[in-house]
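Heads up: the structure comes next, in structure tokens.
Derivation of every value follows stated rules applied to the coordinates shown; laboratory data play no part. Note that this is a predicted model, so its numbers are computed, not measured. Neighbour counts are summed over all protein chains in view; Cβ atoms, including those assigned to glycine, are modelled from backbone coordinates with ideal geometry.
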Amino acid sequence: MKKLLVDTNIVIDLLAKREPYYSDSANLFSLADKKYLTLSVSSLTFANTNYILLKSKSANEAKAILRKFKLIADVLPLDDKIIGLALNDNDFEDFEDGLQYFTAIENNQDIIITRNLKDFKKSKIPVLNAEQVLKTIGKKP
């Protein structure tokens, strides 16, 4: 089974029910919940997602949402090496994208799932959006 790192924007699409992206992200995480595939996120994604959720939810509501989410996604560490790689890399203008990318690389992920495909142009591993992943695995018409 392929290892799939999910970027923060896809997680927020799901948890904040952002349209028009919610359906694809919900289908993707539903497949993970059913153990059809394994999805991972950077630990950074939890902090960023909490920050976004707090704009529309109470702290307790945000934590409850994240507790449920943690049941269906593996959390990958963000460590000194990953931060160093992202700081010293010139391929990623956006530091957070670099952190996501090097989290994927250092944890042997096969694919990065994001809506910001253009930000990962120099990726050495495939980068797809949620719709493309669903089509690839035959779960989207």
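Grab the DSSP H runs of the chain that are 4 residues or longer, score each as -39,500 (n - 2.57), total them, divide by all residues and round the 222 nm result to the nearest 500 deg cm²/dmol.
Result for the chain: -14500 deg cm²/dmol, rounded to the nearest 500.
Quick one: if you stick a label point 7 Å off each Cα along the C-beta vector at Y36 and L87, how many nm between them?
4.2
Which lysines, if any, have their Cα less than 23 Å from the Cα of K63, not counting same-chain residues under 8 positions apart?
List returned: K17, K34, K55.
Can you classify the stretch 1-70 as rounded, prolate or oblate using the Cα gyration tensor, where a ≥ b ≥ c are the square roots of its eigenvalues, rounded means a/c under 1.5, and otherwise it's prolate if a/b beats b/c and oblate if not? Intermediate results must be reported in sequence, preceding the final value.
Working: a/c = 1.86, a/b = 1.55, b/c = 1.20.
Prolate shape, in that a/c is at least 1.5 and a/b is the bigger ratio.
Let me know the shape class of the stretch 24-141, please: from the alpha-carbon gyration tensor, a ≥ b ≥ c as square roots of the eigenvalues, rounded when a/c is under 1.5, otherwise prolate if a/b is greater than b/c, or oblate.
Note, shape of the stretch 24-141 comes out oblate.
With point charges of +1 on the Cβ of Lys and Arg and -1 on the Cβ of Asp and Glu, referenced to the Cα centre of the stretch 3-136, which listed residue (L31, L87, L54) lies farthest in the positive direction of the dipole?
The listed residue farthest towards the positive side: L31.
Which of the peptides 122-133, 86-97 is most tightly packed, and how do the rest follow, going by the mean number of other Cβ atoms within 10 Å of each residue?
Working: 122-133: 17.7, 86-97: 13.7.
Those peptides, ordered most packed to least, come out 122-133, 86-97.
Cα to Cα, under 13 Å, and not fewer than 8 places away if on the same chain: which aspartates and glutamates meet these conditions relative to K81?
D89, E106
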